[in-house]
Amino acid sequence: MIKNRIIKESFKVLILGSIISSVGGLGLEVVKQKLLVFLPLLIVLPALTNMIGHAGIIFVSKVTTYFHMRRIKYNKLNNRITRHLLFNLMIIFSLASIYITFLSIFVSYLKGYPFELYFELKMFGAVFLTTLVIVLIVFCVALYGARYAHQRNIDPDDLLIPITTSVADLGSLIVFSLLVFFMF
C-alpha cells in the first residue's frame, strides 16, 4: 500500500520535472552561436545550472524542516524566519555566482581566451542577475509547494525536490539565455 502510494506520487513528479527540464534546451538554442563564440559563457553554464539546482534542494530541505519544527506556519509564510532564510541564501548564492564567474574566466584565460574587462563584467552581471532571479523564484516555489503538499497530505520532500530543481534548471537556462542574448 505504501509502496504504491510512493510510486504513484513519485512518478507524476518525475514526469513533470522531466518535461520542465526539457524546455530549457529551447532557451539555449536561441543563444547557441553566442555561447560557442564566448568560451567563458560556455564554461559557466553547467556550473550555474548545477549551483541553482542545488539551491532548490537546499531551499526544500530548510523549508520543510522549518515547517516540521513548526517554526513556519503554512498559513503565514511571510515572517521573520522566511525573510532571514531568503536573505542568507541570497548572500550565499551571490557569493557562489561571483566564484563560478571568476573561475570560468580563469579557465578560459588558461585555454587561450583573451581577457576583456568589459566582457567579463557583462558576464558577471548575467550570472549574478540569473542567480538572484532564480533563487527568488525557487524560494517561492519551495514555500508555496510545501503548503500545497501539506494540504494534500503529500510528503513535501518527494514533491518539491524534483520540482524545484527542475524549475531552477529551466529557469536558469532561460534567464541566462535571455540575458546573454540581450547583453552580448
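No lab work stands behind these numbers, since they all come straight from the coordinates. Note that the structure is predicted; figures quoted are calculated from it, not measured. Cβ sites come from the backbone with ideal geometry, for glycine too, and all protein chains shown count toward neighbours.
Of note:
- Any hit, the range 114-125, residues being in a helix (DSSP H, G or I) and more than 20 Å from SER177 (Cα to Cα): yes
- One residue alone among LEU132, LEU77 is surrounded by fewer than 18 Cβ atoms within 10 Å (Cβ to Cβ), aliphatic (A, V, I, L, M), over 30 Å from MET183 (Cα atoms) and under 22 Å from the mean Cα position of the chain (by Cα), and that residue is LEU77.
- Any hit, the range 129-144, residues being at negative phi, of a type outside the set (S, T, N, Q) and not in a helix (DSSP H, G or I): no
- Subset of the range 141-176 that is out of contact with any Ser or Thr (no Cβ under 9 Å at 6 or more places or on another chain) and of a type in the set (S, T, N, Q) - its residue that is surrounded by the fewest Cβ atoms within 10 Å (Cβ to Cβ): ASN153
- Subset of the range 97-123 that is of a type outside the set (A, V, I, L, M, F, W, C) and under 22 Å from ILE134 (Cα atoms) - its residue that is surrounded by the fewest Cβ atoms within 10 Å (Cβ to Cβ): TYR99
- Every residue from the range 67-90 that is under 21 Å from ALA168 (Cα atoms) and either touching a His at 6+ places or on another chain (Cβ under 8 Å) or not charged (D, E, K, R) (or both): LEU77, THR82, HIS84, LEU85, LEU86, PHE87, ASN88, LEU89, MET90
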